[in-house]
Amino acid sequence: MRRAVLTAIDVLGLERPNGLRPRSSGLVGLILPNLEDPVYPVFAQVVSTNLARLGYTPVLCIQDQDGVGEDEYVGMLLDRGVAGIIFVSGQHADTRVDRSRYDDLVAQRLPIVFVRGYLDDLDVPFVSSDDQAAGELAVRHLAQLGHRRIGLILPSGTNTSALRQAEGYRHAMREEFGADADQWVDISFEGEEGGYAGAIRLLDKEVTGYVCGSDLLALGAIRALRQRGKRVPQDVSVIGYGDSPLMAHTNPPLTTVRQPILSMGTFTAHALINRIQGNNTITGESLFPPELVIRGSTAMRGKRFTSD
């Protein structure tokens, strides 16, 4: 009953009485960049389930470009005496970030875990899918299907995950074709609209295979290509990155590189609880291997189809 009442107070955004704000309250902050990308709700569910099993209650914080940001959420969470914070694709994932905000949290001995992003010389756990391997997997799949003009659509030019995916893309393009592929790398923006804009620009460069930095980018790219009269996968192939359960039901079902969300979420929750309990053995970056999931948005270049 006590935990239920305290949770209700926190959910409603009310102030706890001073005597009820110890860090051992069992609350854990979970800061997400958005809920538009279907990968994030799945990750939040996995983390929340594991935290609950371990006796902790997550406080979900969703960032909004026009609303509350990461720093404001951190302040509110600290005021509520959270036992620790999980940052998912936050400012730590931007190579331009002022890292002093995180150094201060470490100096306060607040247990934290970073997901999808990395900072040098910060003695905390980092959890991520192997983005470089993901870029390589996507390129090699398209190369095996006979594509030579393979483009890459990224949501950012400063995001750690995007930069690593680009590194894998370039490495695979050099090995497969011995060529510099920078001309086919498009720096767009997040969401379906970013994929739409990037695909239009790459289509003008006669790209036939599209590697996208997220599933939402891939869905936007497919919409743009269809509006330009291209059939997917008969004329062009598109690969996403993430693989939420929804991607098997798109039209066509999306070929994508799966991030191991279940494993990453479970590991993240346990890594944070270990630090809360004083066990700091898990530090540095833990990379989880991605998996190519072949569906209907990629096909052999030049293959004849009996119907659309």
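Every residue in region 23-71 that is closer than 30 Å to T250 by Cβ and either in a strand (DSSP E or B) or of a type in the set (K, R) (or both), please. Within region 23-71, L30, I31, L32, P58, L60, C61, I62 meet the criteria. Determine whether N279 is in contact with a strand residue (DSSP E or B) (Cβ under 9 Å, 6 or more places away or on another chain), surrounded by fewer than 24 Cβ atoms within 10 Å (Cβ to Cβ), over 21 Å from G198 (Cβ atoms) and free of Cβ contacts under 8 Å to residues at least 60 places away in the same chain. Against the criterion (in contact with a strand residue (DSSP E or B) (Cβ under 9 Å, 6 or more places away or on another chain), surrounded by fewer than 24 Cβ atoms within 10 Å (Cβ to Cβ), over 21 Å from G198 (Cβ atoms) and free of Cβ contacts under 8 Å to residues at least 60 places away in the same chain), N279 does not qualify.
Pull up region 74-121, narrow it to residues that are surrounded by fewer than 15 Cβ atoms within 10 Å (Cβ to Cβ) and on the phi > 0 side of the Ramachandran plot, then point me to the one that is modelled with the highest pLDDT. Per the stated criteria, the residue is R109. Six or more apart or on different chains, Cβ under 6 Å: which pairs go from a residue in region 245-257 that's in a helix (DSSP H, G or I) to one that's among the acidic types (D, E)? Could you list them? Here the result reads M247/D215, each pair linking region 245-257 to a residue that is among the acidic types (D, E).
How many residues does region 111-124 hold that are in a loop (DSSP other than H, G, I, E, B) and touching a residue at least 60 places away in the same chain (Cβ under 8 Å)? Total meeting the criteria: 4. Candidates T283, T256, T266, T250: the one that is at pLDDT below 95 and within 27 Å of G168 (Cα to Cα) is T283.
Taking the listed residues Y210, Y196, the one that is more than 30 Å from L272 (Cα to Cα), crowded, with 18+ Cβ neighbours inside 10 Å, touching a strand residue (DSSP E or B) at 6+ places or on another chain (Cβ under 7 Å) and not hydrophobic (A, V, I, L, M, F, W, C) is Y210, with no other qualifying. Show the residue pairs meeting these rules: Cβ distance below 9 Å; 6+ apart or different chains; first residue within region 291-304 and at pLDDT below 95; second residue in a strand (DSSP E or B). Final answer for the pair search is R301/G209; R301/S237. Set side by side, the residues L145, L163, L60 differ, and just one is among the aliphatic types (A, V, I, L, M) and either crowded, with 22+ Cβ neighbours inside 10 Å or more than 30 Å from P233 (Cα to Cα) (or both), which is L60.
The values are calculated or read from the model by the stated rules, or taken from the named source; none is laboratory data. In this text, all values refer to a predicted model and were calculated from it rather than measured experimentally. Ideal geometry is used to build each Cβ from the backbone, glycine not excepted, and the neighbour counts take in all protein chains shown.
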